[in-house]
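One structure is given here, and the rest of the page talks about it.
FYI, it's all coordinate maths here, none of it is from the lab. Everything quoted here is computed from the prediction, not taken from an experiment. Neighbour counts are summed over all protein chains in view; Cβ atoms, including those assigned to glycine, are modelled from backbone coordinates with ideal geometry.
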């Protein structure tokens, strides 16, 4: 089961909430917006049509011991489960910094809460190639007297 015994129902971490393949991570790295915390670097790629998904990267540079790397990933997944309902749709990739290995679980959660709060406050970006304000750009330019300056009299 993907839930801890004390987590509330409905707060699991199903496969649909995860990034799986390297191309999915690469897309988040190349197209996403970066935000920095004390313990993590976060990449967020908005996808209004998809679910909110999480990918976590904790390299051996963070700590050589797998048990430490797994603890960091486990705390990340748990913090994401709690915050996922409030996050905008898209892909979130967390990249741990070496300081994360030395931090306790509470410090990790606090840093992630601050990063997730930045996501909630983000303004949605327009899809590439779309016109964001068609009405104002469709109006012809006018001079100070209300007459089109390009019109010949």
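Once you order the gyration tensor axes a ≥ b ≥ c over the Cα atoms, which shape class does the stretch 21-122 get: rounded for a/c under 1.5, otherwise prolate or oblate by comparing a/b with b/c?
In terms of gyration-tensor shape, prolate.
Listed highest first by mean packing, meaning other Cβ atoms within 10 Å per residue, what order do 59-72, 90-103 come in?
Highest to lowest by the protection proxy: 90-103, 59-72.
Which peptide among 38-49, 13-24 comes first, and what is the full order, when sorted by highest mean count of other Cβ atoms within 10 Å?
38-49, 13-24
Is the stretch 8-66 rounded, prolate or oblate when judged by the Cα gyration tensor, a ≥ b ≥ c being the square roots of its eigenvalues, rounded requiring a/c under 1.5 and prolate requiring a/b larger than b/c?
Judged from the Cα gyration tensor, the stretch 8-66 comes out oblate (a/c at least 1.5, b/c at or above a/b).
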